[in-house]
Amino acid sequence: MEVGDHRNRSTKRRRDDEDDLNNHSTENASNGDAFDLSLLEAVEKSRNAVEVLDIKTLKKLVLSFERRLRDNIEARLKYPDQPDKFADSEIQLHDEIEKLKILAGGPELYPELVNLNAIPSILGLLSHENVDIAVDVVGLIQDLTDEDVLDENDEAVRVLVDALVENNALELLVQNLGRLSESDPDEMSAAYGTLATVENMVEVRPAVAELVCERTKLLRWMLGKIKAREFDSNKQYASELLAILLQNSAANQKRLGQINGVDVVLQAVAMYKSRDPRSSDEEEMVENLFDCLCCLLMPVENKERFVKAEGVELMIIIMKQKKLAYGSAIRALDFAMTNYPPACERFVDVLGLKTAFAAFMGKAILVFSRPQNPMSKKNKKESHQEELEERIISLVASLFGGILRGSRRERLLSKFVENECEKVDRLMELYMRYSDRVKAESERLDQLELDDLEMDEEEHYNRKLESGLYTLQLIAVILGHLWSSEHPRIRARIELLLKQQKLTKRDVADILQEYHDNIGDLDGLEEKERAQAKIQKFISAFRE
């Protein structure tokens, strides 16, 4: 990250002084004046000497910082309307803040830094009248909390982060963020540093993710940033941090929804409905925005906001354009429709089935993200295609789960009858591919157990899920819906295809049984029992 000129003034001044000394010694030597070379060597050694970082050095740094801070406060109080009278004290204060950055090299000293009560003084400068001083402090806190500092000093860094939170660092950082100018490169850099500091603190103390949203207006600031049409590094970082804050927090998801977050994120992704990002950084930002949208779509109230804001229609438009965001739009629709029938109904009403089943049949021609090197292009395309398949399978399963009766259900089922049941054929093709993959993984895991590699039942199951078992289970669920429809042509096609693969309905029932037995109670015991009852009906139907 670039450091602004105003933070280099004193450093440059010292560099100029050194040049003067060198010039002076050269002139003296050329004039024949006696010059003690040992003195010159001593000066050179002193320049390269590195002060040992210990408690003694820490106390010395803090004492010097407190002294310069006091001098600056006194100068500003004595000459409030005469900047030239306190300018020198401000430069000296800047130097002391810069010196404190050396502490990032000794995180084991953080508890002592806290004990010396230096944190309130440091944080107080975030409200300093001179924005440059506040910018210096942002850089200092960012360095002290940087992820590279963690390593083997987790507890010491936690002590620092706890002290920062207790002394209102989150509130002060965000308040300062509001006064930083986007036209000033140094202040833009400080805004980036503020976001980095919050992320660092969340990494150390995950509870900070909800605290910063509860106590400050950071969510509003980030919404304003991602809403802007111009792309820059701060917009990218805002999208990334927003996704982090939403990822595992229902409270933050609901809080953002309450301040019009769903609508703003939709506006942000709408900029890419008919065009692709122009760079890899912008591409990453778009992915972050869709991550935010999917997190937002976890609470039911935000699903409702999504439907009202015509989010379903926007995702279908993005799919029709077949741009880079194609797969992300499918994922967002799947989140919106999971356990929320109104979104499923809207999807059918606005003619989304045609677009969805084009993807299901693998007919979409997609733009793939830029590969890091030419050798990875093929693998990246295959990986993207596989991910897309899994998303569209999940979306179709969500549709069947959300549309249980009426004309919409008939329209959904008719898709599997048209064109000689080609979609049933496609479904069975996917069933066999994922079934073979899971079978191969199961055999590999069984061999590992024979080789005395211990693995409990849960880990064994999770390994199978990673190999494609969950997608296979969703395919079996879709087959369950189709079979339970009792549509004669669909049933006949399924039986024919199973027979061709030397399989029976009981094979599908076995997959559903494993799914049934492993449904968790994350959404409550009542929801678990309801889900299991639905799957049990499919199992019974296949075992008749």
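The values are calculated or read from the model by the stated rules, or taken from the named source; none is laboratory data. Keep in mind that this is a model prediction, so the values were computed, not measured. Here the Cβ is made from the backbone with ideal geometry for all residues, glycine too, and neighbour counts use every protein chain on show. When the accessible area is computed, the model is the full protein with side chains, heavy atoms only, and any ligands, DNA or RNA have been set aside. Shrake-Rupley method; radii C 1.70, N 1.55, O 1.52, S 1.80 Å.
Considering 174, 198, 157, the condition of being crowded, with 16+ Cβ neighbours inside 10 Å, over 16 Å from residue 217 (Cα atoms) and among the β-branched types (Val, Ile, Thr) is satisfied by 157 alone. Within the stretch 483-501, the only residue that satisfies the criterion of being touching a Leu at 6+ places or on another chain (Cβ under 6 Å) and part of a helix (DSSP H, G or I) is 490.
Let's see how each residue does on (1) aromatic (Phe, Trp, Tyr); (2) in contact (Cβ under 8 Å) with a residue 24 or more places away in the chain; (3) surrounded by fewer than 19 Cβ atoms within 10 Å (Cβ to Cβ):
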residue: 394; (1), (2), (3): no, yes, no
residue: 401; (1), (2), (3): no, yes, no
residue: 412; (1), (2), (3): no, yes, no
residue: 418; (1), (2), (3): no, no, yes
residue: 425; (1), (2), (3): no, yes, yes
residue: 437; (1), (2), (3): no, yes, yes
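Of all residues in the stretch 452-511, those being aromatic (Phe, Trp, Tyr) and open to solvent by 50 Å² or more (accessible area, probe 1.4 Å) number 1. Conditions: (1) loosely packed, with under 14 Cβ neighbours inside 10 Å; (2) of a type in the set (Lys, Arg); (3) at pLDDT 95 or above. Residue 377 meets all but one. Number of the miss? Status for residue 377: all satisfied but (3). Among the residues of the stretch 276-296, those that are farther than 17 Å from residue 333 by Cα and either buried (at least 20 other Cβ atoms within 10 Å of the Cβ) or out of contact with any Leu (no Cβ under 9 Å at 6 or more places or on another chain) (or both) comprise 277, 278, 279, 280, 281, 282, 284, 285.
Scanning the stretch 206-243 for residues that are closer than 26 Å to residue 157 by Cβ, among the hydrophobic types (A, V, I, L, M, F, W, C) and open to solvent by 40 Å² or more (accessible area, probe 1.4 Å) yields a total of 3.
Got at least one residue in the stretch 16-36 being modelled with pLDDT of 55 or more and more than 42 Å from the chain's Cα centre (by Cα)? Within the stretch 16-36, one or more residues are modelled with pLDDT of 55 or more and more than 42 Å from the chain's Cα centre (by Cα). Scoring residue 355 on the criteria (1) in a helix (DSSP H, G or I); (2) modelled with pLDDT under 95 leaves a single failure, condition (2). Meeting the requirement of 3 or more residues that are under 14 Å from the mean Cα position of the chain (by Cα), the helices (runs of 4 or more DSSP H) wholly within the stretch 244-298 are 280-296.
Could you say whether any residue in the stretch 172-183 is part of a helix (DSSP H, G or I), touching an Asp or Glu at 6+ places or on another chain (Cβ under 9 Å) and either touching a residue at least 24 places away in the same chain (Cβ under 8 Å) or more than 26 Å from residue 262 (Cβ to Cβ) (or both)? No: the stretch 172-183 contains no residue that is part of a helix (DSSP H, G or I), touching an Asp or Glu at 6+ places or on another chain (Cβ under 9 Å) and either touching a residue at least 24 places away in the same chain (Cβ under 8 Å) or more than 26 Å from residue 262 (Cβ to Cβ) (or both).
Regarding residue 300, is this residue surrounded by 15 or more Cβ atoms within 10 Å (Cβ to Cβ) and under 30 Å from residue 357 (Cα atoms)? So residue 300 does not fit the description; no.
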